[in-house]
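Let me begin by presenting the structure, written as structure tokens, before commenting on it.
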Amino acid sequence: MFSGEYMDFKKFWNDYSLWITFGFMFLMMWAYTVDWLRQGVGSAIDAVFAPLLITFGIPFYILIVILSALTGLYSSIVQKYTIDYDKMTDSQERMKEFQKEYREAQLSQDEKKIKKLDAKKDRVMKEQLELSQQQFKPMTYILVLSVPIFFWLLYRLAQTTTAITMPYLGTHSLSDAVIWIIPAWIFWYMMCSITLSQVIRKALNIGGV
């Protein structure tokens, strides 16, 4: 009984995971616009993170570094166990080989070979599409963990006047827009997350393409 239910769920997830992910992303975007929901989630999580600021006196911008490292860690682990990187790398290599072969056939005007490759093109493109969809699958899990953290950062940001000095951008309040409409705290979070994620992926030997 449970085996059959598991297989049905797995098939459902494989068939509709992309749509579920997009739906969840739109749901999170909607939740961001609902002030009471955003404040409620931020307030609830404050019980967990507030002691780091109040009891241990960690500066807010350092806490952003810690949270971005945490984000990078669980994102990398989720991707490691939901994406088949070996299969993805093999597929990318096959795609490069196919494109090279197709280009050479076009340059040499080998109609027979072009026709043969055209028949193969649909299968290659379908494989690429499936792999692209696979990369979206971890997003649902990652968003479930990441969105509450962002809501808490927004909740606490309204209560802090912390400034940060960044290379080339100077000293700004964390709520100041530093690049177009991007606030300093989001830019700082992104930079820390991208950098630390690369270190974490290397340490955990997580592949990629």
Legend entry - When residues of segment 51-69 are limited to those that are part of a helix (DSSP H, G or I) and in contact (Cβ under 8 Å) with a residue 40 or more places away in the chain, the one surrounded by the most Cβ atoms within 10 Å (Cβ to Cβ): ILE64
Legend entry - Residue in segment 184-209 that is surrounded by the most Cβ atoms within 10 Å (Cβ to Cβ), counting only those that are under 16 Å from VAL78 (Cα atoms) and among the small types (Gly, Ala, Ser): SER193
Legend entry - Tally of residues being touching a Pro at 6+ places or on another chain (Cβ under 9 Å) and surrounded by 14 or more Cβ atoms within 10 Å (Cβ to Cβ) across segment 81-117: 2
Legend entry - Those residues of segment 161-183 which are out of contact with any strand residue (DSSP E or B) (no Cβ under 9 Å at 6 or more places or on another chain), modelled with pLDDT under 80 and either surrounded by 14 or more Cβ atoms within 10 Å (Cβ to Cβ) or aromatic (Phe, Trp, Tyr) (or both), in sequence order: TYR168
Inset, instruction - Determine if segment 147-165 includes at least one residue that is touching a Pro at 6+ places or on another chain (Cβ under 8 Å), under 30 Å from SER68 (Cβ atoms) and not aliphatic (A, V, I, L, M). - result: yes
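The values are calculated or read from the model by the stated rules, or taken from the named source; none is laboratory data. No experiment lies behind these values; they were computed from the predicted model shown. Neighbour counts are summed over all protein chains in view; Cβ atoms, including those assigned to glycine, are modelled from backbone coordinates with ideal geometry.
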